[in-house]
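So the structure is just underneath, and the comments pick up after that.
The values are calculated or read from the model by the stated rules, or taken from the named source; none is laboratory data. All values derive from a computational prediction rather than experimental measurement. Reconstructed Cβ throughout: ideal geometry from the backbone, glycine too, with neighbour counts over all protein chains shown. Side chains included, ligands, DNA and RNA excluded: accessible areas come from the protein's heavy atoms. Shrake-Rupley method; radii C 1.70, N 1.55, O 1.52, S 1.80 Å.
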Amino acid sequence: MIPAWHPHLDVWAFVFVLGFGYWYAIRRIGPYLDVEGPLVTRRQATIYTIGLLSLWVVSDWPFHDIAERHLFLFHMIEHMVLALVSAPLLIAGTPAWLLRRVVANPRILPTLRPLTRPLAAFFIFNGIMVGIHWPEIVDLMVTSGVYHFIIHALLIAAAAVMWLPVLSPLAEIKQLSPPLRMLYLFAHSLLPTIPASFLTFGREPLYRFYAEAPRLWGIDAITDQTMAGLVMKLGGGAILWGVIAVLWFRWYAYEQRWEALERELRRTQ
């Protein structure tokens, strides 16, 4: 039985701050800055809105309640969406001038820049992703609302660090070249194989809370754990490989245009 409706005020507050802050910056701060071109494009606003909605959907009733009271599968989907969908969409939907005001602060940038270097970002994100699925941490999350919010905020922050080398429009935090971006994301798709294998092939429940939780829809604890492992490996991998495919096609199209331009220049000389 799906838990009865009730508001998650912390989630509502978090979504409101992100949404209102975005609107306020564009409407009230941007017009007073020397910004070349539009303050925000319709595409950016749409992407940011989708990212915010994805965060809200998996963090509020009923998805969140099922994830934290019944099924580890939903818990894993929640984490994959926050890290691999919400975080990159929020970054991609933020105009460069606004992102610069957020991260290029002299008190923030010196700390953030070394964290967003590819090797550091890789180990930070994957270390946190593995760590928050450690049995003791999971049991702590689902029994304490405060720790749950803190760990999810940490996950989103780690995901932002992880995605900036791929999506950053700022000179202060340089974006990797297309081949290196693809290699970087490919590496991210490999590491989850290790924790996912323990979930997928485990014969005993790894999480005491979910082993004892009321079941939904006839899904037993082992099946629930197995499906969560598949989501971590195959679902997360599918998202990353989808981004890799987009990067490859864009890179290929760019190279084709450049070669066509060079041929045209040679013909005119």
Q. With every protein chain present, what is the per residue accessible area of the stretch 19-109 (1.4 Å probe, Å²)?
A. 49
**Q.** Inverse mean reciprocal Cα-Cα distance (Kirkwood Rh) of the stretch 8-131, Å
**A.** 16.3
Q: Towards the positive end of the charge dipole of the chain, with charges on Cβ (+1 Lys, Arg; -1 Asp, Glu), say which of I156, H6, Y48 has the farthest Cα.
A: Y48
**Q.** Rounded tilt (10° steps) of 9-24 against the dominant C-alpha axis of the chain
**A.** 10
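Mind pulling up the Rg/Rh value for the chain? Radius of gyration and Kirkwood radius, both on Cα.
Numbers: Rg = 20.8 Å, Rh = 20.3 Å.
With Rh from the inverse mean 1/r over Cα pairs, Rg/Rh is 1.02.
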(Q) Show me, for the stretch 156-169, the HN-Hα J-couplings you get by feeding each phi into the Karplus relation (A = 6.51, B = -1.76, C = 1.60, θ = phi - 60°), rounded to Hz, glycine and proline as x. (A) 5, 5, 5, 5, 4, 4, 5, 7, 4, x, 9, 10, 4, x
Q. Based on DSSP H runs of at least 4 residues, each adding -39500 (n - 2.57), what is the mean residue ellipticity at 222 nm of the chain after dividing by all its residues, to the nearest 500 deg cm²/dmol?
A. -22000 deg cm²/dmol
Q: Taking the chain as the reference, fit the longest principal axis to its C-alpha atoms, fit the long axis of helix 221-230 to the helix C-alpha atoms, and give the angle between the two in degrees, 0 to 90, nearest 10.
A: 10
Q) Got a number for carbon plus sulfur as a percent of the chain's accessible area, 1.4 Å probe? A) 69
Q. For the stretch 130-202, what is the largest minus smallest coordinate of the Cα atoms on each principal axis, given in angstrom and ordered from greatest to least?
A. 42, 31, 10
Q) Roughly speaking, what is the centre-to-centre gap between the stretch 44-73 and the stretch 1-27 when only Cα atoms are used, to the nearest Å? A) 11
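For the chain, what relative contact order do you get, as a whole percent, if you take Cα pairs closer than 8 Å and at least 6 residues apart?
Values: 281 pairs, mean separation 55.6, N = 269.
Relative contact order here is 21 percent.
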Q. Any idea how far the Cα center of the stretch 250-269 sits from the one of the stretch 152-208, in Å?
A. 34
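Give the shape of the stretch 139-269 as rounded, prolate or oblate, defined through the alpha-carbon gyration tensor: a ≥ b ≥ c are the square roots of its eigenvalues, a/c under 1.5 means rounded, and otherwise the shape is prolate if a/b is larger than b/c and oblate if not.
Numbers: a/c = 4.19, a/b = 2.36, b/c = 1.78.
Cα axes put the stretch 139-269 in the prolate bin.
For the stretch 76-170, how big is Rg over Rh, using alpha carbon atoms and the Kirkwood form of Rh?
On the way: Rg = 14.0 Å, Rh = 14.1 Å.
Across the stretch 76-170, the Cα-based Rg/Rh ratio is 1.00.
Whole number in Å², please: accessible area per residue of the stretch 122-238, 1.4 Å probe, ligands, DNA and RNA not counted. Please list the in-between numbers first.
Numbers: 5620 Å² over 117 residues.
With the other protein chains kept in place, the stretch 122-238 gives 48 Å² per residue.
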Q: Please report how far the C-alpha centroid of the stretch 228-249 lies from that of the stretch 79-109, rounded to the nearest whole angstrom.
A: 20
Q | Loop-exposed trypsin sites (Lys or Arg not before Pro) per DSSP, neighbour cap 14 Cβ within 10 angstrom, longest uninterrupted part of the chain | A | 1-106
Q: Whole number please: convex hull volume per residue, Cα atoms of the stretch 31-97, in Å³.
A: 82
Q. About its Cα centre, how strong a charge dipole does the stretch 1-101 have in debye, to the nearest 20, once Lys and Arg get +1 and Asp and Glu get -1 at the Cβ?
A. 400
